[in-house]
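A quick write-up on the structure given underneath.
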Amino acid sequence: MTRLLILIYGLVAYFIFFGTLLYMIAFVGNFWVPKSIDTGIVDSSIKAILINLFLVFLFAIQHTIMARPSFKIWWIKYVPAEIERSTYVLFSSLLLILLFWQWQPLTTTVWEVKSTMMKVVIYALFALGWVLVLLSSFLINHFDLFGLRQVVLCWKGKNYTPVEFKESFLYKIVRHPLMLGFLIAFWATPLMTTGHLLFAIAMTLYTLIGIWFEEKTLIAELGDDYIKYKEKTPMLFPLPNNPKSKCPIKNLFNF
């Protein structure tokens, strides 16, 4: 591929991702889109659950496998290294689009908050979650994370250099503020249906599994620097740091 085509490919992949992210906000929040998490009627609850779990599974498998270093080494034999990240982002976006399109609603109410004040608080948490996602991505270089930096450097004829690991702002409080943002956004709703609950549980489980794989990679790449960072910084929640703590909740979120 020529440098111009690589740049165009990366730009297209990035804007598809960004549009998918915006749709995801509306999908989870039941805002302004024709197909949201609670839109539609389903005849069979069992069929809906199986379809929904399969959609999450497809996304989880792709998102996990394509992020592994061993896969990347194999993959760049067939695609230019400059678009490896953009391709990963593009495939992830397409699978999320498939999930939005084929998601089967389950509209039985699990809980409903009717207090206007509490609704405002919950929607504020929902917004906070998405703000955390975007802010966290920029703290670690948003454009590198989503493949745009790589294609721009290629277009300029410059060699790619990995982003330096550093503990900045939110990353001094928790190791994965971006994932924390997603979890807050998935769970913060005044009307929790069984379909939304299934989505929140499935994505939470995948997030924890994904973090486990990601941290294995980070330890392999960064060695003692990341091990020391992991020992002093909680994974998802800013709980008191006490290595001798026997608190099972702390241990769960700081493995």
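Throughout, read-outs are computed from the coordinates displayed, never taken from laboratory work. Small disclaimer: the values here were computed from a predicted structure and weren't measured. All Cβ positions, glycine included, derive from the backbone under ideal geometry; neighbour counts span all protein chains shown.
Could you work out which residue, out of Ala220, Ala67, Ala127, moves most in a Gaussian network model of the chain, that is, has the largest mean-square fluctuation with Cα springs under 10 Å?
Result: Ala220 has the largest fluctuation of those listed.
For Glu112, Glu167, Glu215, Glu82, what ranking results if the residue with the fewest other Cβ atoms within 10 Å of its Cβ goes first?
Sorted ascending by nearby Cβ count, the order is Glu112, Glu167, Glu215, Glu82.
Holding the Cα-Cα limit at 25 Å, pick out from Lys119/Lys172; Lys77/Lys158; Lys72/Lys216; Lys72/Lys158; Lys35/Lys216; Lys156/Lys228 the pairs that are longer than that.
With Cα atoms farther than 25 Å apart: Lys119/Lys172; Lys35/Lys216; Lys156/Lys228.
Using DSSP H assignments, which helices in the chain have an axial alpha-carbon span of 20 Å or above and a mean Kyte-Doolittle hydropathy of 0.0 or higher?
Values: long enough: 3-29 (39 Å, 2.06); 45-65 (30 Å, 1.82); 84-102 (27 Å, 1.07); 116-139 (34 Å, 2.01); 194-222 (41 Å, 1.04).
Taking the DSSP H segments of the chain (at least 20 Å long, mean hydropathy at least 0.0), we get 3-29, 45-65, 84-102, 116-139, 194-222.
What percent do you get for the relative contact order of region 3-252 when only Cα pairs under 8 Å and 6+ apart count? List each step's numbers first, then the result.
On the way: 279 pairs, mean separation 64.7, N = 250.
So the answer I get is 26 percent.
For Rg and Dmax of the Cα atoms in Å, which listed value, (i) 19.5, 58; (ii) 42.1, 136; (iii) 16.8, 52, comes from the coordinates shown?
(i)
Gaussian network model of the chain, Cα springs within a sub-10 Å range: biggest mean-square fluctuation belongs to which of Met117, Met179, Met24?
Of Met117, Met179, Met24, the Gaussian network model singles out Met117 as fluctuating most.
Mind sorting Asp224, Asp144 by how few other Cβ atoms lie within 10 Å of their own Cβ, fewest first?
Asp224, Asp144
Compare Lys216, Lys72, Lys114 in a GNM of the chain, Cα atoms joined below 10 Å, and give the one with the largest fluctuation.
The residue with the greatest mean-square fluctuation here is Lys114.
Hey, what did region 79-177 get for relative contact order, percent, Cα under 8 Å, at least 6 apart?
Details: 36 pairs, mean separation 38.3, N = 99.
Dividing the mean separation by the residue count of region 79-177 yields 39 percent.
Report, in deg cm²/dmol and to the nearest 500, the calculated mean residue ellipticity at 222 nm for the chain, where each DSSP H run with n ≥ 4 adds -39500 (n - 2.57) and the sum is divided by the residue count.
For the chain, the value works out to -21000 deg cm²/dmol.
Please report the net charge: other residues with Cβ closer than 14 Å to the Cβ of Gly223, K and R +1, D and E -1.
-2
If I model a spin label as a point 7 Å beyond the Cα along the Cα-Cβ vector, how far apart are those points for Lys216 and Leu145 in nm?
2.3
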